[in-house]
Amino acid sequence: MSRFFKIKPDFAMHVAQHKGLLLGVMIASLMISLGALFFRGVNYGIDFKGGLSIEAQIPDNTDYNDLRTKIKSAEVGDFSLQEFGNKNTVLIKVESLSDDQAGAKIVNKLKTTLGNDIIYRNIENVGPKVGDGLKHDSMLAVIFALLAILLYIWVRFDWQFGLCGVIALVHDCVALLGFFAIFHSFDFNMAAVVAILMTAGYSINDTVVIFDRINENIKTGKYTSRENLIDLSITETLSRTLLTSFTTILALICLCVFGGDVIFDYSFPMLIGISVGTFSSIFISAPLLLYTNFSIQEQK
């Protein structure tokens, strides 16, 4: 199948010639995303806002889609539903509540709507401090992931490669955060954090492939200038990058179309992240090297 995506040797990639334009696109994307984050912020989901947490036992033949529809009809506000422990136990989380009396009303609504077949094992109000702790831990997870990637590329190549790779990753993460800030219909929850980390991992994988090819071309000397080295390396790895991204994006599109509303909220941000990560791997990380005057002596 890869032969259908193979870029011919005489295909002229001129990414390096447009490095100024690409840098401008990156800066504009960062400014828009940071502006949206500053003026609008993200719509934090139940994981971060806190709220009512209900552990319930359900009958064996319960249909989750039907259960989710019933909870929605109870008009309890934002909620999430997930398996907890085993298939007969679910965890229902309801949006942040103002007081215990409001929580009691929510529970009564659920009991009335869902019927008597459900056994409520544990009901507790999760305060906003727990959400703040999750925000802090999630931020640390992203920061440590970026630092680990920086260290790996720094050791694997030279410091210029590590710097450019992390700049591209920061762009990807901020762009995805900007997506959540612009489109408030998507809650920023733990799934969003997973999407950010997946975007970083996927993006750096493509970036390392291009950096490896740059390293190989430096060793073979098959280039005429730094610009030609970047263009040649991107061209030679373009088939692999496009094919990998295409198959991943195709799977995510199927999940978005056929997976239902719940799966859509998980998969669509990942689709955006993978697309942004692919773009940055090709058009940002490698061209940024030209601004660092990186060494074209044989790499380690």
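The values are calculated or read from the model by the stated rules, or taken from the named source; none is laboratory data. Small disclaimer: the values here were computed from a predicted structure and weren't measured. Cβ coordinates were reconstructed from backbone atoms using ideal geometry, including for glycine residues, and neighbour counts include every protein chain displayed. Calculation scope for accessible area: heavy atoms of the full protein, side chains included, ligands and nucleic acids excluded. Shrake-Rupley method; radii C 1.70, N 1.55, O 1.52, S 1.80 Å.
I need the calculated FRET efficiency for the pair Thr69 and Met31, taking r as the beta carbon distance and R₀ as 45 Å, to the nearest 0.05. Please report the intermediate quantities before stating the final value.
Details: r = 42 Å, r/R0 = 0.93.
Here the calculated transfer efficiency is 0.60.
In nm, to one decimal, how far is the Tyr291 label point from the Thr220 one, both placed 7 Å along Cα→Cβ?
That separation, rounded to one decimal, is 3.0 nm.
Return the calculated 222 nm mean residue ellipticity for the chain, to the nearest 500 deg cm²/dmol, obtained by summing -39500 (n - 2.57) across DSSP H runs with n ≥ 4 and dividing by the residue count.
Helix contribution divided over all residues of the chain: -21500 deg cm²/dmol.
For segment 165-182, just list the computed ³J(HN,Hα) in residue order, Karplus coefficients 6.51, -1.76 and 1.60, θ = phi - 60°, integers in Hz, with x standing in for Gly and Pro.
My calculation for segment 165-182 gives x, 6, 4, 5, 5, 4, 4, 4, 5, 5, 4, 5, 4, x, 4, 5, 6, 6 Hz in order.
Viscosity 1.002 mPa s, temperature 20 °C: what is the translational diffusion coefficient of segment 131-227 from Stokes-Einstein with a Kirkwood Rh over Cα pairs, rounded to a whole number of µm²/s?
Estimated via Stokes-Einstein, D reaches 144 µm²/s.
Take the alpha carbon atoms of the chain, find their radius of gyration, then divide it by 2.2 N^0.38 Å using N residues; give the quotient.
Relative to the rule-of-thumb radius for its length, the chain sits at 1.23.
Per residue of segment 274-291, what does 6.51 cos²θ - 1.76 cosθ + 1.60 with θ = phi - 60° give for ³J(HN,Hα)? Whole Hz please, x for Gly and Pro, Karplus curve as stated.
Computed from phi, the couplings for segment 274-291 are 5, 5, 5, x, 5, 4, 5, 4, 7, 9, 10, 4, 5, x, 4, 4, 5, 8 Hz.
What does DSSP give for the chain in terms of the percent of beta bridges that are antiparallel, rounded to the nearest 5?
DSSP beta bridges in the chain are roughly 95 percent antiparallel.
Work out how much length Asn125 to Asp78 would gain on full extension: take 0.36 nm times their residue separation and subtract the Cα-Cα distance, in nm to one decimal.
Numbers: separation 47, 0.36 × 47 = 16.92 nm, distance 1.48 nm.
Extending this stretch completely gives an extra 15.4 nm.
Could you go through segment 233-245 in sequence order and give the Karplus-derived ³J(HN,Hα) for each residue, using 6.51 cos²θ - 1.76 cosθ + 1.60 with θ = phi - 60°, rounded to whole Hz, and x for Gly and Pro?
5, 5, 4, 5, 9, 5, 4, 5, 5, 5, 5, 4, 5
Between Phe264 and Met139, how many nm apart are label points set 7 Å from Cα along the C-beta direction?
For Phe264 paired with Met139, the spin-label model returns 3.2 nm.
Round to the nearest 10 and report in Å² the accessible area of Lys109, as given by a 1.4 Å probe over the protein chains' heavy atoms.
Rounded to the nearest 10, that gives 90 Å².
Report the extension gain between Thr62 and Met198 in nm, rounded to one decimal, defined as 0.36 nm multiplied by the number of residues separating them, less their alpha carbon distance.
45.7 nm
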